[in-house]
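The values are calculated or read from the model by the stated rules, or taken from the named source; none is laboratory data. Please read all numbers here as calculations on a predicted model, not as lab measurements. Cβ atoms come from the backbone with ideal geometry, glycine included; neighbour counts cover every protein chain shown.
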Amino acid sequence: MSEAKKSPPTRATKVSEITSWDIETDVIVVGFGGAGSCAAIEAANQGAEVHLFEAASAAGGSTALSGGEVYLGGSGGTAMQKKFGFEDSTENLYKYLMMQHAPQADETKIRAYAEGAAAHFDWLVEMGVPFKESYYEERVVEPTTDDCLFWCGNEKAWPEAEHCQPVPRGHVVQLEGMGAGAVLMEALEKAALDRGVRVHFETRALSLIVDEDEQVVGLLVRKDGMELACKANGGVILCAGGFVMNDEMVKKYAPRLTRANTQIGNPGDTGAGIQMGMSVGAAAINMHEGFASVPYYPPSSLTYAIIVTDKGQRFINEDAYHGRIGTHLLEQNSERFYMIADVEAYGSYEEMNFLNADVVATGETVEELEQELGMTPDSLAHTIKLYNEHAEKGEDPFFHKQPQWLRPLQPPYVALDLTPGRGVFIPYFTLGGLDTLPSGEVKKVDGSIIPGLYAAGRTACGVPRRGAGYNSGISIGDATFSGRKAGIAAAQRAK
């Protein structure tokens, strides 16, 4: 142990700088969220001694702040899907995820996930994670009941619905209300502690320690104002989250996300884990991508509305998942955005909504609405005329909204302001990270492996890679699944 000195995550520490080891173990895990807990559990299951370092004073990470949805299926269906009559083949899940995240999708990771996701549900249940045997059919961002199975992506929307069998894959941890991620983490924390994982809270990872052969052999941490040199015989697993809380990194790598307004994550999502990996030559990929949402349902009736630019033009099928809506909205070259609804579509918006969008115009006619919004005359009128003509026939030839959500919009009309920076809630987080194998082994730019270094969760670039292809629960599903794989691989290396 020595007095603290400046050891930034962007600089690796040479083993020659270490005079003695304060801790020696098989596997070191950085971060006690969904990925880190599962990595620690599986490493311990392999018989490895595990030390886990968490900068916060409690377990949880961003997983504990989430809605507790886990995106799972394949292998004919999870136990929950089968109970309610849904069949979900591995190929169906694989094809769907490939459609969601191409062209930057990692086929190997998606194949592994599709083949293992149903068994992963069983593993979570074995770890004590509670799931109620129930199915919630209504279109929602997140159930406010304690129900489990629900629709949470683009399964029913174009173009996926034309190529993949629609199946609900959202598995929500049981909790009356919202925020079930905390319940998920309570179970995973207990499972880790029950297996003897040594947890160090309020301990910040500072830098990786490498030997003369560029192998990662340990980790430098700060605890109680002192630096500790920790040796890992099997490897160091970085599960320190993404970089959404690092404004400088977001501006540098994912500037489009700066149009959104609410970071989703915990204070530890500073990108330190990614920076530590890069300090030893790891490749950071997909850093420009992120999730951004316009959570306009509930009420689900708003799906009947249309979303337009300040030129009165639609740009998306409004029955798409809210993350796809948000991603496409941020990509438009427009100063203002509006959701145009009629009274029926507006429905119970004032009673319950996550959107927080203001009503900025109303009109007994489209022309009145155009005038209040300052639009070019006939621009919105032309869009609504064409939309209504096709909706009357259950068609949407321009953007392929499904017939279930198609009907002509009738006066009077109301316009909600979806413009970023004008009050509407647009949450976001990052999807870039270290390049890894499905085993969690971290890769260099040339594709070679960095011995002794692993990454999982949002520190790694995993299954979810496109905001336009995101589904609720795919981040927690990927984080917990990839954490398990990394924990097994590091423990086996220790042997």
Exercise. Looking at GLU212, GLU186, which is the one that is without any contact (Cβ under 8 Å) to a residue 40 or more places away in the chain and either of a type in the set (A, V, I, L, M, F, W, C) or in the same structural domain as ILE264 (by TED's automatic domain parsing) (or both)?
Worked result: GLU186
Problem set entry | Residues of the range 266-293 satisfying the condition of being under 20 Å from GLY469 (Cβ atoms) and surrounded by 24 or more Cβ atoms within 10 Å (Cβ to Cβ) | GLU289, GLY290, PHE291, ALA292, SER293
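Condition test on VAL129, is it crowded, with 17+ Cβ neighbours inside 10 Å, more than 20 Å from ALA320 (Cα to Cα) and more than 19 Å from the chain's Cα centre (by Cα)?
It is true that VAL129 is crowded, with 17+ Cβ neighbours inside 10 Å, more than 20 Å from ALA320 (Cα to Cα) and more than 19 Å from the chain's Cα centre (by Cα).
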Exercise. Which one of the conditions (1) crowded, with 17+ Cβ neighbours inside 10 Å; (2) without any contact (Cβ under 8 Å) to a residue 12 or more places away in the chain does TYR94 fail to meet, given that it meets all the rest?
Worked result: (2)
Exercise. Here are some conditions: (1) within 22 Å of ILE41 (Cα to Cα); (2) among the aliphatic types (A, V, I, L, M); (3) surrounded by fewer than 20 Cβ atoms within 10 Å (Cβ to Cβ). ALA118 meets all but one. Which one does it not meet?
Worked result: (3)
Exercise. With respect to THR436, is the statement that it is at pLDDT 95 or above, over 29 Å from VAL294 (Cβ atoms) and not basic (Lys, Arg) true?
Worked result: yes
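Condition check ((1) surrounded by fewer than 18 Cβ atoms within 10 Å (Cβ to Cβ); (2) farther than 24 Å from VAL15 by Cβ; (3) polar (S, T, N, Q)) across all residues:
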| residue | (1), (2), (3) |
| --- | --- |
| GLY170 | no, yes, no |
| LEU184 | no, yes, no |
| ASP194 | yes, yes, no |
| ARG198 | yes, no, no |
| THR203 | no, no, yes |
| LEU206 | no, no, no |
| GLU212 | yes, no, no |
| VAL216 | no, no, no |
| VAL221 | no, no, no |
Exercise. If you go through the range 165-185 one residue at a time, how many are of a type in the set (A, V, I, L, M) and assigned to a helix (DSSP H, G or I)?
Worked result: 4
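Search the range 442-495 for residues being β-branched (Val, Ile, Thr) and more than 22 Å from the chain's Cα centre (by Cα), and hand back the single one that is modelled with the lowest pLDDT. Write out each step before concluding.
At the first step, the residues of the range 442-495 found to be β-branched (Val, Ile, Thr) are 442, 445, 449-450, 459, 463, 474, 476, 480, 488.
If we keep only those that are more than 22 Å from the chain's Cα centre (by Cα) as well, we get 445, 449-450, 488.
On the way: VAL445: 95, ILE449: 98, ILE450: 98, ILE488: 98.
For the range 442-495, the residue satisfying everything is VAL445.
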Exercise. Looking only at the range 212-246, which residues are in a strand (DSSP E or B) and of a type in the set (Gly, Ala, Ser)?
Worked result: GLY218, ALA229, ALA232, GLY234, GLY235
For this session: Please specify each residue of the range 144-164 satisfying the condition of being touching a residue at least 40 places away in the same chain (Cβ under 8 Å), assigned to a loop (DSSP other than H, G, I, E, B) and not hydrophobic (A, V, I, L, M, F, W, C).
Result: GLY153, ASN154, GLU155, LYS156, PRO159
For this session: Would you check if there is a residue in the range 421-438 being within 24 Å of SER62 (Cβ to Cβ), among the hydroxyl-bearing types (Ser, Thr, Tyr), in a loop (DSSP other than H, G, I, E, B) and assigned by TED's automatic domain parsing to the domain that holds GLU160?
Result: no
Exercise. Is it the case that the range 411-425 has a residue that's loosely packed, with under 14 Cβ neighbours inside 10 Å, under 30 Å from PRO255 (Cβ atoms) and in contact (Cβ under 8 Å) with a residue 40 or more places away in the chain?
Worked result: yes
For this session: For the range 155-164, indicate whether the set of residues that are buried (at least 21 other Cβ atoms within 10 Å of the Cβ) and in contact with a strand residue (DSSP E or B) (Cβ under 6 Å, 6 or more places away or on another chain) is non-empty.
Result: no
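Somewhere in the range 251-263, is a residue more than 30 Å from THR144 (Cα to Cα), without any contact (Cβ under 8 Å) to a residue 40 or more places away in the chain and part of a loop (DSSP other than H, G, I, E, B)?
Quick first cut of the range 251-263, residues more than 30 Å from THR144 (Cα to Cα) only: 251-256.
Filter once more, so that each one left must be without any contact (Cβ under 8 Å) to a residue 40 or more places away in the chain: 251-252, 255.
Filter once more, so that each one left must be part of a loop (DSSP other than H, G, I, E, B): none.
The answer is no; no qualifying residue exists.
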For this session: Select from the range 51-79 the residues that are of a type in the set (A, V, I, L, M) and over 16 Å from CYS152 (Cα atoms) and write down the one among them that is surrounded by the most Cβ atoms within 10 Å (Cβ to Cβ).
Result: LEU52
Exercise. If a residue has to be surrounded by 21 or more Cβ atoms within 10 Å (Cβ to Cβ) and either of a type in the set (Asp, Glu) or within 30 Å of PRO298 (Cα to Cα) (or both) to count, how many in the range 99-112 make the cut?
Worked result: 3
